[in-house]
Amino acid sequence: MLDKDDLGDSHARNVILMIRDGMGLSHETMARIERADWNLSRYSETQLQMDSMEHTGFLRTFSANSFVTDSAPASTAMATARKTNICSENLRAVDINALQRN
(Lines give C-alpha, C1' and ligand atoms only; values in the text may rest on other atoms or scores of the structure.)
Protein backbone atom coordinates (compact mmCIF):
# COMPACT_ATOMS: atom_id res chain seq x y z
CA MET A 1 0.00 0.00 0.00
CA LEU A 2 1.30 3.46 -0.89
CA ASP A 3 1.81 6.11 1.71
CA LYS A 4 0.74 9.71 0.99
CA ASP A 5 4.41 10.77 1.08
CA ASP A 6 5.21 8.30 -1.73
CA LEU A 7 2.89 10.18 -4.08
CA GLY A 8 4.63 13.55 -3.90
CA ASP A 9 2.67 16.28 -5.69
CA SER A 10 0.72 13.91 -7.94
CA HIS A 11 -3.06 13.81 -7.92
CA ALA A 12 -5.39 10.85 -7.59
CA ARG A 13 -6.28 9.28 -10.93
CA ASN A 14 -9.22 7.31 -9.59
CA VAL A 15 -11.67 7.56 -6.74
CA ILE A 16 -13.43 4.55 -5.27
CA LEU A 17 -16.89 5.43 -4.00
CA MET A 18 -18.33 2.85 -1.61
CA ILE A 19 -22.06 3.17 -1.07
CA ARG A 20 -23.38 1.30 1.95
CA ASP A 21 -26.90 0.87 0.65
CA GLY A 22 -29.38 0.72 3.50
CA MET A 23 -26.71 0.93 6.17
CA GLY A 24 -27.08 3.56 8.85
CA LEU A 25 -25.39 4.49 12.09
CA SER A 26 -27.38 1.87 14.00
CA HIS A 27 -25.93 -0.83 11.71
CA GLU A 28 -22.39 0.42 12.41
CA THR A 29 -23.11 0.33 16.14
CA MET A 30 -24.42 -3.24 15.90
CA ALA A 31 -21.32 -4.29 13.94
CA ARG A 32 -19.08 -2.84 16.68
CA ILE A 33 -21.10 -4.60 19.40
CA GLU A 34 -20.78 -7.90 17.53
CA ARG A 35 -17.06 -7.38 16.93
CA ALA A 36 -16.59 -6.72 20.66
CA ASP A 37 -18.36 -10.06 21.34
CA TRP A 38 -21.09 -8.18 23.22
CA ASN A 39 -18.53 -7.18 25.85
CA LEU A 40 -19.17 -3.62 27.04
CA SER A 41 -15.61 -3.17 28.33
CA ARG A 42 -14.20 -4.03 24.88
CA TYR A 43 -16.80 -2.03 22.94
CA SER A 44 -15.21 1.40 23.50
CA GLU A 45 -11.93 0.18 21.96
CA THR A 46 -13.55 -1.70 19.07
CA GLN A 47 -12.77 -0.40 15.58
CA LEU A 48 -14.22 -1.39 12.23
CA GLN A 49 -12.16 -1.26 9.05
CA MET A 50 -14.30 1.66 7.84
CA ASP A 51 -13.25 3.70 10.90
CA SER A 52 -9.74 4.03 9.49
CA MET A 53 -10.87 5.55 6.18
CA GLU A 54 -9.48 9.02 5.70
CA HIS A 55 -12.68 10.49 4.23
CA THR A 56 -16.25 9.43 4.95
CA GLY A 57 -19.65 11.01 4.56
CA PHE A 58 -23.29 10.51 5.31
CA LEU A 59 -26.20 11.10 2.95
CA ARG A 60 -29.91 11.04 3.66
CA THR A 61 -32.34 10.59 0.76
CA PHE A 62 -36.07 10.19 0.32
CA SER A 63 -38.23 9.50 -2.69
CA ALA A 64 -40.47 11.99 -4.49
CA ASN A 65 -43.53 10.03 -3.40
CA SER A 66 -42.49 8.44 -0.08
CA PHE A 67 -40.71 9.25 3.18
CA VAL A 68 -38.90 5.92 2.97
CA THR A 69 -36.85 5.18 -0.14
CA ASP A 70 -35.45 2.08 -1.76
CA SER A 71 -32.20 1.54 -3.64
CA ALA A 72 -33.38 2.66 -7.09
CA PRO A 73 -34.51 6.21 -6.25
CA ALA A 74 -31.67 6.62 -3.74
CA SER A 75 -29.00 5.77 -6.33
CA THR A 76 -30.74 7.94 -8.92
CA ALA A 77 -30.74 10.87 -6.48
CA MET A 78 -27.03 10.39 -5.76
CA ALA A 79 -26.10 10.08 -9.44
CA THR A 80 -28.35 12.79 -10.92
CA ALA A 81 -29.41 15.03 -8.01
CA ARG A 82 -33.07 14.41 -8.97
CA LYS A 83 -35.77 12.75 -6.91
CA THR A 84 -37.73 9.84 -8.34
CA ASN A 85 -40.66 7.75 -7.19
CA ILE A 86 -40.17 4.60 -5.18
CA CYS A 87 -39.52 1.46 -7.30
CA SER A 88 -38.30 3.64 -10.18
CA GLU A 89 -34.76 3.97 -11.42
CA ASN A 90 -33.57 6.96 -13.44
CA LEU A 91 -37.09 8.25 -14.16
CA ARG A 92 -38.00 11.68 -12.88
CA ALA A 93 -41.24 11.88 -10.93
CA VAL A 94 -42.74 14.23 -13.55
CA ASP A 95 -41.93 11.67 -16.30
CA ILE A 96 -43.61 8.89 -14.32
CA ASN A 97 -46.71 11.01 -13.70
CA ALA A 98 -46.95 11.75 -17.44
CA LEU A 99 -46.63 8.04 -18.29
CA GLN A 100 -49.38 7.15 -15.80
CA ARG A 101 -51.79 9.67 -17.36
CA ASN A 102 -51.39 8.16 -20.87
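The values are calculated or read from the model by the stated rules, or taken from the named source; none is laboratory data. Computed from a predicted model, the values in this text were never measured in an experiment. Backbone-built Cβ (ideal geometry, glycine too); neighbour counts: all protein chains shown. Side chains are part of the model used for accessible areas, which takes the heavy atoms of the whole protein and leaves out ligands, DNA and RNA. Shrake-Rupley method; radii C 1.70, N 1.55, O 1.52, S 1.80 Å.
Just for region 52-79: of the residues that are farther than 17 Å from Leu25 by Cα and in contact with a helix residue (DSSP H, G or I) (Cβ under 6 Å, 6 or more places away or on another chain), which one is most open to solvent (accessible area, probe 1.4 Å)?
Going through the qualifying residues, I end up with Ala64.
Applying the selection to region 48-82, what residues are of a type in the set (A, V, I, L, M) and either at negative phi or in contact (Cβ under 8 Å) with a residue 24 or more places away in the chain (or both)? Break it down into steps so the answer makes sense when it comes.
Narrowing region 48-82 to residues of a type in the set (A, V, I, L, M): 48, 50, 53, 59, 64, 68, 72, 74, 77-79, 81.
Residues satisfying the conditions are Leu48, Met50, Met53, Leu59, Ala64, Val68, Ala72, Ala74, Ala77, Met78, Ala79.
Looking only at residues that are in a loop (DSSP other than H, G, I, E, B) and of a type in the set (Lys, Arg) in region 51-102, which one is modelled with the lowest pLDDT? Show your work before the answer.
Residues of region 51-102 in a loop (DSSP other than H, G, I, E, B): 53-70, 81-92, 102.
Subset that is of a type in the set (Lys, Arg): 60, 82-83, 92.
Numbers: Arg60: 77, Arg82: 81, Lys83: 82, Arg92: 61.
This residue is Arg92.
Is it true that Met18 is aliphatic (A, V, I, L, M) and modelled with pLDDT under 80? Write out each step before concluding.
Working: aliphatic (A, V, I, L, M): yes; modelled with pLDDT under 80: yes.
Yes: the conditions hold for Met18.
Of the residues in region 9-42, how many are among the acidic types (Asp, Glu), open to solvent by 90 Å² or more (accessible area, probe 1.4 Å) and free of Cβ contacts under 8 Å to residues at least 24 places away in the same chain?
Initial filter on region 9-42 (among the acidic types (Asp, Glu)): 9, 21, 28, 34, 37.
Those still in the list that are open to solvent by 90 Å² or more (accessible area, probe 1.4 Å) too: 9, 21, 34, 37.
Imposing the further condition that a residue be free of Cβ contacts under 8 Å to residues at least 24 places away in the same chain reduces the set to 9, 34, 37.
Counting residues in region 9-42 that are among the acidic types (Asp, Glu), open to solvent by 90 Å² or more (accessible area, probe 1.4 Å) and free of Cβ contacts under 8 Å to residues at least 24 places away in the same chain gives 3.
Assuming Glu45 fulfils every condition listed in (1) surrounded by 10 or more Cβ atoms within 10 Å (Cβ to Cβ); (2) modelled with pLDDT of 80 or more apart from one, which condition is it?
(1)
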